[in-house]
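Structure first, then comments.
Bear in mind these aren't lab numbers, they're just calculated from the coordinates by the rules spelled out. Please read these numbers as outputs of a predicted model, since none were measured by experiment.
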Amino acid sequence: MRTVIASLIGAVLAAALLWAPAAPTGQYTADRAGDPVFAGRLYVDPNSDARRVADRLAATGDTHRAALIDRIASQPTAVWLGDWYSPALLDSVIRRHLRAAAAQGATPVFVTYAIPDRDCGDYSAGGFAPSRYLDWNRHLAAALAGSRAVVLIEPDSLSMLPSPKCAGVANTRLPLIRSAVSMLGAAGLSTYLDGGNARWLSPDVQAGYLKAAGIADARGFFTNVSNFDTTQAERDYAGKLSSRVGWKHFVIDVSRNGAGWTGTWCNPPGAALGQNPQITQSPASKLDALLWVKHPGASDGTCNGGPSAGAWFESGAEALVRGRGA
């Protein structure tokens, strides 16, 4: 059975490489120019859900709980962009974050999350139709052009493809991601693709999807987004994956991995905040940064007492902070 599945995966990847439009060679230039991808420091959103909750708790005199949530609100987090924004609101959101990041002398990290058949019908289902998705990426590229922002393209979009619930999705998805890499890269943005995590696909299989999705013209890949593996496990896995895709760079989501994997991915009891985000980019390493991509306190879905995916989960947020301790 495993041999049959591996053969089918190989066939899909080979076909995707033939169908996908070729991106311009030499398009990615940020690291070739010698400029840091993460210039200054990482951007802290002054209007995040955690910030608003911490300020509200402080205003009502609940200083203990306010201090707990402030440990989340004070840290840099990625900005997620998806199909929940109208075009006008999307422009407004992007302008607000770019202005705030410039005032901080910081690099903003954006996450795109609008791929067709997103989450293949699970808790985070949604996304645009294929033609709309390409227009949306053109819009993003124009809005972000010249900002030198970092863009993480579509978490879970590649790692989910072997799942039976995603049957047939790869035929459309891989060419779309290649086009997104091309559009965003042409706007001078540093892009990273979905590298899964250490407990998901093997480095060989994940590398095949990354190649089919245009990793050659991206800065690199991200791992552990919205997941819980330890940083060391992810570094080991990412190093193996990097070696299979031309020694591309990578970033790791450490937002909720302080306790490591606890047995389930959806609002798991016993999870803890990971270490604070930091830029690690250096000539000696392919690891560019440790990031908080998933927002601590944002629900994974209606499981283990959580609200809908992406909604603020107060008790979950407090548990993450307590789990890390001092």
**Message:** Which of the three applies to the stretch 118-247, rounded, prolate or oblate, going by the alpha-carbon gyration tensor with a ≥ b ≥ c and a/c under 1.5 meaning rounded?
**Reply:** oblate
**Where Rh is the Kirkwood radius over Cα pairs, Rg/Rh for the chain** = 0.95
**3J(HN,Hα) from dihedral phi, the stretch 75-86, Karplus parametrisation 6.51/-1.76/1.60, rounded to Hz, x for glycine, proline** = 9, x, 9, 6, 9, 8, 10, x, 6, 7, 9, 5
**Karplus-derived 3J(HN,Hα), 6.51/-1.76/1.60, for each residue of the stretch 182-192, Hz, glycine and proline x** = 5, 5, 6, x, 5, 8, x, 9, 8, 10, 10
**Complete:** Interchain or sequence-distant (5+) residues whose placed amide H lies within less than 5 Å of the amide H of N267 are D300
**Asked** Between V79 and residues 5 or more places away or on another chain, which pairs have amide H atoms under 5 Å apart, with H built 1.01 Å from N, and which residues are they?
**Response** V109, F110, V111
**Prompt:** Karplus couplings for the stretch 164-179 from phi (6.51 cos²θ - 1.76 cosθ + 1.60, θ = phi - 60°), rounded to Hz, Gly and Pro as x?
**Reply:** x, 6, 9, 4, x, 5, 4, 4, 8, 5, 4, x, 5, 5, 4, 5
**Prompt:** Shape of the stretch 27-150 from its Cα gyration tensor (a ≥ b ≥ c, root eigenvalues): rounded if a/c is under 1.5, otherwise prolate when a/b > b/c, or oblate?
**Reply:** oblate
**Request:** Would you mind telling me the antiparallel percentage of the DSSP bridges in the chain, rounded to 5?
**Result:** 15 percent
**Message:** Excluding same-chain pairs closer than 8 in sequence, count the lysine pairs in the chain whose Cα atoms lie under 24 Å apart.
**Reply:** 11
**Fill in**
Rounded to the nearest 10 degrees, the helix 203-212 long axis (Cα) sits at an angle to the longest Cα principal axis of the chain of 70 degrees
